[in-house]
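What follows is a set of notes on a single structure, which appears directly below.
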Amino acid sequence: MTAIEIRNLSKSFGAVRAVDDVSFTVEAGTVTGYLGPNGAGKTTTLRSLLGLVTPDTGEALVNGQRYASLSHPLGEVGAVLEATSFHPGRTARDHLRILTTAAGLPATRPDEALEQVGLADAARKRVGGFSLGMRQRLALAGALLGQPKIFILDEPANGLDPAGIQWLRGFLRHLARDTGAAVLVSSHVLAEVEQTVDNVVIIAKGRMIRQGTLAELTGNGGGAVRVRTKDDFAPALRAAGAQVEEVEPGLLRVKGMDAEEIGRLALDQRVLLTEVIHERSDLQSVFLELTGEGAAP
Amino acid sequence: MTNLIRAELQKLFTTRLWWAMALVMFAFTAFGLAFLIAQAGAAPANGQPGLPALDDPAWLPLALSFASGANIFTMILGIVLMTSEYRYQTITGTFLTTPRRGRVIAAKLGAGVIIGVFFAVISLLFTGVIAITAVLIGGGSVDLTGGRIPQLTLGVFATLVLYALFGIGLGALVRNQVAALIGGIVWAYVIESILGAFPALQTVGKWLPGGAAQALMNIDFDTGLGQSNLLPAWGGALVLVAYALLFAVVANLTTTRRDIT
């Protein structure tokens, strides 16, 4: 069964169409990055999935059901929404105890979850004194309470320091690889999830722009090759049918031939190449290009 | 449902508000009792009726009825139990854990009953200790079975419970914490006291929560403004229950259905 399924989901707030006909799925054992600039509709999609927002049309299902019809929601889905949903006067442990009680989970879960996210030392401190990074970890501990197999995380890297982001990446990988969980994680900063995700769904202005595997998206870079040589190589390349652009003296950007063909031509022409690199447009530039946030370099 | 009610009680007892409320309640009750002790036995003057003396059997029930003054505090706790969820956005986690939102409201009402009982116990104990001590010092004798004291005690429990429910219903309807608190307190102290104080206005006042609570206590004490015009005690209880349920049902149909963004 598909862990997460979003089918033709649309939602408007007044005149603003926050989500417009979005469809995608997330399978068990994979991490899907839900990417888009701020205000793209990521949060509205995730909140529809969690039954907090009622969609206008379409469906958002977890394990084939609407979230509201799950009998033990915390045991099936763990969610991290925003890091502000805590009573400042309550301790981290008490916050988790309340959720544990309401969900009928074993009383040992709060301490175990705090241990898992590295917050055991702060368990009895009031959340009011927590940094944003600690709140994110506490939110994640809340998602882990019911030991679910589906995780829905909205911008979980917000407020984490570089070490925290590193830790989060490893943690998400661990959830998908070792526990077989389906992970849907949203972000507006691609670098945060680039090394973690298997699949990406890109959304901008409420519309889905692209979806595919990480490799599919990165493979779309145009296939140019950068060639460094002190010899006059451009005429021979052009003669062989390639488009050549001189980026700077001694550095050529070649389209229409791959590195092997260029190397063979250089050998024939007795030209010395000091560098041949496949220019791979990385996901970041794909993302920026697709979302219109800036031209590719 | 038991789990949900327990979780709601944990919400209240894991923050500091409840004992702050208890302290204010003690101060408030002590202040009222101090006045009642100081003025005990005062003769009628300037058209004001006198108060019974400490050794008058009528004094103790009057003093014990002060325990119901804590209703304002259980109402506040009820309002906060609901509105702090919106204020601190903990409603997100609450609804994620219990997506059937009506059950959350029901659990809060269940917790409200327990909170009301808890506060009734501490309020009655506090009032009782002070009042009985005063009576004994004043040379009176204490008879806890007479002077309608059993009915009065029951009235205190009912009033405090029902005001907690009333607060929860009000909070569910008015999600803004400050607005709900100000609304509730202004209502209880200003509007109700005007409508409840004058028997001429009690035709309206008796149908309001404060009038209903007075009916529940049924202290026929002549304030010099004429005979009270109140509902019977059971009628008062029904009116308060009706308010709490009305608010909760209306809230369930309106505010709690809204998107949580």
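The values are calculated or read from the model by the stated rules, or taken from the named source; none is laboratory data. Given the structure is predicted, the values throughout are model-derived calculations rather than measurements. Backbone-built Cβ (ideal geometry, glycine too); neighbour counts: all protein chains shown.
Points worth noting:
- Condition check for B:A111: aliphatic (A, V, I, L, M), within 14 Å of chain A (Cβ to nearest Cβ), surrounded by fewer than 22 Cβ atoms within 10 Å (Cβ to Cβ) and touching a residue at least 12 places away in the same chain (Cβ under 8 Å): no
- Per the listing A:G170, A:G133, the residue uniquely closer than 30 Å to A:L217 by Cβ, free of Cβ contacts under 8 Å to residues at least 40 places away in the same chain, within 14 Å of the chain's Cα centre (by Cα) and surrounded by fewer than 22 Cβ atoms within 10 Å (Cβ to Cβ) is A:G170.
- Flag for A:T25 being buried (at least 16 other Cβ atoms within 10 Å of the Cβ) and under 30 Å from A:T100 (Cβ atoms): no
- Test for A:A107: is it in contact with a Lys or Arg (Cβ under 9 Å, 6 or more places away or on another chain), part of a loop (DSSP other than H, G, I, E, B), surrounded by 24 or more Cβ atoms within 10 Å (Cβ to Cβ) and aliphatic (A, V, I, L, M): no
- Positions within region B:1-43 being assigned to a loop (DSSP other than H, G, I, E, B) and more than 9 Å from chain A (Cβ to nearest Cβ), in sequence order: B:M1, B:Q39, B:A40, B:G41, B:A42, B:A43
- Residues considered: A:G41, A:G36, A:G29. Of these, the only one that is more than 11 Å from every other protein chain (Cβ to nearest Cβ), in contact with a His (Cβ under 7 Å, 6 or more places away or on another chain) and under 20 Å from A:G212 (Cα atoms) is A:G36.
- Lone unmet requirement of (1) out of contact with any Leu (no Cβ under 7 Å at 6 or more places or on another chain); (2) within 14 Å of chain A (Cβ to nearest Cβ) for B:F126: (2)
- Top-ranked residue of region B:125-180 - restricted to ones that are buried (at least 24 other Cβ atoms within 10 Å of the Cβ) and polar (S, T, N, Q), ranked as nearest to B:T83 (Cα to Cα): B:T159
- Sole residue being touching a residue at least 12 places away in the same chain (Cβ under 8 Å) and loosely packed, with under 15 Cβ neighbours inside 10 Å, chosen from A:K125, A:K149: A:K125
For every residue, the table says whether it meets (1) of a type in the set (V, I, T); (2) outside the structural domain of A:R137 (by TED's automatic domain parsing); (3) part of a helix (DSSP H, G or I); (4) at pLDDT 90 or above.
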position: A:L175; (1), (2), (3), (4): no, no, yes, yes
position: A:D178; (1), (2), (3), (4): no, no, yes, yes
position: A:L184; (1), (2), (3), (4): no, no, no, yes
position: A:A191; (1), (2), (3), (4): no, no, yes, no
position: A:V201; (1), (2), (3), (4): yes, no, no, yes
position: A:I209; (1), (2), (3), (4): yes, no, no, no
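- Test: residue in region B:117-133 that is without any contact (Cβ under 8 Å) to a residue 40 or more places away in the chain, under 28 Å from A:H95 (Cα atoms) and within 24 Å of the chain's Cα centre (by Cα): yes
- Of all residues in region B:89-147 being hydroxyl-bearing (S, T, Y) and in a loop (DSSP other than H, G, I, E, B), the one that is farthest from B:L36 (Cα to Cα): B:T98
- For region A:159-188, the tally of residues that are among the β-branched types (V, I, T) and within 24 Å of A:K11 (Cβ to Cβ) stands at 2.
- Search result, residues across region A:96-105 that are at the interface with chain B (Cβ under 7 Å from one of its Cβ atoms), more than 15 Å from B:Y88 (Cβ to Cβ) and β-branched (V, I, T): A:T101
- Filtered by the rule that a residue be over 22 Å from A:R135 (Cα atoms), surrounded by fewer than 22 Cβ atoms within 10 Å (Cβ to Cβ) and within 9 Å of chain B (Cβ to nearest Cβ), region A:54-95 gives A:T54, A:R66, A:A68, A:S69, A:L70.
Quick grid of which residues meet (1) closer than 21 Å to A:E155 by Cα; (2) within 16 Å of the chain's Cα centre (by Cα):
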| position | (1), (2) |
| --- | --- |
| A:Y34 | yes, yes |
| A:P37 | yes, yes |
| A:G51 | yes, no |
| A:S69 | no, no |
| A:L74 | yes, no |
| A:D94 | no, no |
| A:I98 | no, no |
| A:A102 | no, no |
| A:T108 | no, no |
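- B:V161 being over 26 Å from A:T101 (Cα atoms) and away from chain A (no Cβ under 14 Å): no
- Qualifying residue in region B:76-83 (condition: farther than 24 Å from A:T91 by Cβ, not in a loop (DSSP other than H, G, I, E, B) and not hydroxyl-bearing (S, T, Y)): no
- Among the candidates B:G235, B:G210, B:G196, residue that is surrounded by 14 or more Cβ atoms within 10 Å (Cβ to Cβ), assigned to a helix (DSSP H, G or I), more than 14 Å from chain A (Cβ to nearest Cβ) and modelled with pLDDT of 75 or more: B:G235
- Residues within region B:61-103 that are of a type in the set (G, A, S), within 14 Å of chain A (Cβ to nearest Cβ) and crowded, with 21+ Cβ neighbours inside 10 Å, tallied: 1
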